[in-house]
Protein chains: 2
Amino acid sequence: MGPRTANLLRDAGIQPSAQRVAVAAYVLETCDHPTADQVWARVRKSFPMISRATVYNTLNLFVKKGLLRQYTLADGKTVFDANVGRHHHFIDERTGRIYDLPWEALSVAKLDSLDGFEVREYHVVVRGRAKSAARRRA
Amino acid sequence: MGPRTANLLRDAGIQPSAQRVAVAAYVLETCDHPTADQVWARVRKSFPMISRATVYNTLNLFVKKGLLRQYTLADGKTVFDANVGRHHHFIDERTGRIYDLPWEALSVAKLDSLDGFEVREYHVVVRGRAKSAARRRA
DNA sequence: TTCAAGACCTAGACTTAATCTAAACGCAAT
DNA sequence: ATTGCGTTTAGATTAAGTCTAGGTCTTGAA
Ligand SMILES: [Mn+2]
Ligand SMILES: [Mn+2]
Ligand SMILES: [Zn+2]
Ligand SMILES: [Zn+2]
């Protein structure tokens, strides 16, 4: 997470300050879907002086630059997603945990015949329970 | 919207107070997907003394009794939906407005082969622009 | 009819997520 | 050294939502 992360930010047109690298090292690597405050809590362990505003600003900057996506899928919680490609989501109803489903795992038919709507993107939101195999995998 | 609405509430096991009938008359009839504060603003026009807490309590009660569904689809906003059957959603990216798509309008394949996940429900969230025809229809 | 008991409602305090503000900081070019 | 600019900071602010404690309304039994 040293110069590799810094270069990743530079390539996206972002000045790699120490705070931004610390946020990136966590949020761009995890396969969780953390909220902003979860990111703050996590990054503060290794960077105790970082402020809440900086974490929020940094996450929003990463979204604007295409390094992150932002979703609100459940509970009114806004989460961040390092998986910026197309994919679907599975929400475990017991734990609230969000899992990624590969784009090819599902297919949606009849989208073109949606009369009156110009479709730009879509994804499937699935709810249920993740079995232990999936919990381990993620 | 007088005794009809009251009976609807009674049938759901809800005591039809004046406040609850006023909330129901709007939120169970609209095909919008209003937030709690939008419901409050609307109901206050005809019932100026109703409190915020009552609107929130009433909406949550309706959800618990199965008269409403609650979604968080975009912008971290929690919205209420009088359409309690299965259906999909279309979000207009310009206006933020949410439209219902009939269940049969789309079909999702390969859901049963989702290894490691026990599916309880799912729906498709589509984003794009609603053409004027759809805007009129809704 | 009266009048508790319980259900319901209300204003306002509180909590939490998120943004805003204005000052301070850090670093590079002059 | 001085300036300037991008970045960070603490704290104030806004907004969604819940909670509390007391007041009001309904209801049904005496
Ligand atoms: Mn609202
Ligand atoms: Mn909020
Ligand atoms: Zn994801
Ligand atoms: Zn709907």
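The values are calculated or read from the model by the stated rules, or taken from the named source; none is laboratory data. Since we're looking at a predicted model, the values are computed, not measured. All Cβ positions, glycine included, derive from the backbone under ideal geometry; neighbour counts span all protein chains shown. Ligands, DNA and RNA are excluded from the accessible area calculation, which covers all protein heavy atoms including side chains. Shrake-Rupley method; radii C 1.70, N 1.55, O 1.52, S 1.80 Å.
Is the C-alpha gyration tensor of the protein assembly as shown telling us rounded, prolate or oblate? Criteria: a/c under 1.5 is rounded; beyond that, a/b larger than b/c is prolate, otherwise oblate. Verdict is prolate for the protein assembly as shown. Placing pseudo-labels 7 Å out from each Cα toward the beta carbon at residue B:63 and residue A:132 gives an inter-label distance of 3.3 nm. Quick check: the distance between the Cα centres of segment A:67-138 and segment B:97-112, to the nearest angstrom? Answer, in whole Å: 14. Dividing the mean sequence gap of close Cα pairs (under 8 Å, 6+ apart) by how many residues segment A:85-137 holds gives a relative contact order of 45 percent.
Against the longest alpha carbon principal axis of chain A, how many degrees, from 0 to 90 and to the nearest 10, is the axis of helix A:36-46 turned? Compared with the principal axis, the helix lies near 40 degrees.
Find the accessible area per residue for chain A; the probe is 1.4 Å, ligands and nucleic acids are left out, and the unit is Å².
Solvent-accessible surface per residue comes out at 55 Å².
Report the residue, chosen from A:87, A:123, A:33, that carries the largest GNM mean-square fluctuation when chain A is represented by alpha-carbon nodes joined by springs under 10 Å. Among A:87, A:123, A:33, the largest mean-square fluctuation in the Gaussian network model of chain A belongs to A:123. Most fluctuating residue of B:109, B:18, B:36 in a GNM of chain B with Cα springs under 10 Å: which is it? So, out of B:109, B:18, B:36, the one fluctuating most is B:109. With θ taken as phi - 60° and the Karplus curve 6.51 cos²θ - 1.76 cosθ + 1.60 applied, the whole-hertz 3J(HN,Hα) list for segment A:122-132 is 7, 7, 9, 10, 10, 10, x, 10, 7, 6, 4 Hz, x standing for glycine and proline.
Less than 5 angstrom separates the built amide H of residue A:97 from those of A:92, all sequence-distant by 5 or more or on a different chain.
Amide H contacts under 5 Å for residue B:131: A:117, A:118, restricted to partners 5 or more places along the chain or on a different chain, H placed in the peptide plane at 1.01 Å from N. Ratio to report: Rg/Rh of chain B, with Cα atoms as the point set and Rh obtained by the Kirkwood method; give two decimals. Result: Rg/Rh = 1.01. When you restrict to C-alpha pairs under 8 Å that are six or more residues apart and normalise by the size of segment A:1-84, the relative contact order lands at 31 percent. Remark: label point of residue A:76 defined 7 Å out from Cα along the Cα-Cβ vector; separations to the same position in other copies 1.1 nm, ascending.
Shown in residue order for segment B:10-20 are the 3J(HN,Hα) couplings computed by the Karplus curve 6.51 cos²θ - 1.76 cosθ + 1.60 at θ = phi - 60°: 4, 4, 8, x, 10, 5, x, 6, 4, 5, 5 Hz (x for Gly and Pro). The HN-Hα couplings worked out from phi for segment B:78-84 by the Karplus form 6.51 cos²θ - 1.76 cosθ + 1.60 (θ = phi - 60°) are 8, 10, 10, 9, 6, 7, 8 Hz, whole numbers, x standing for Gly and Pro.
Each copy carries a label point for residue A:15 at 7 Å from Cα along the beta-carbon vector; from one copy to the others these points are 6.2 nm apart, nearest first. Under a 5 Å amide H cut-off, with hydrogens placed 1.01 Å from N, residue B:122 pairs with A:127 among residues at least 5 apart or on other chains.
Between 0 and 90 degrees, the angle of helix B:52-64 with respect to the longest Cα principal axis of chain B falls at about 50 degrees. With label points set 7 Å from Cα along Cα→Cβ, the inter-copy distances at residue A:137 are 3.6 nm, sorted shortest first.
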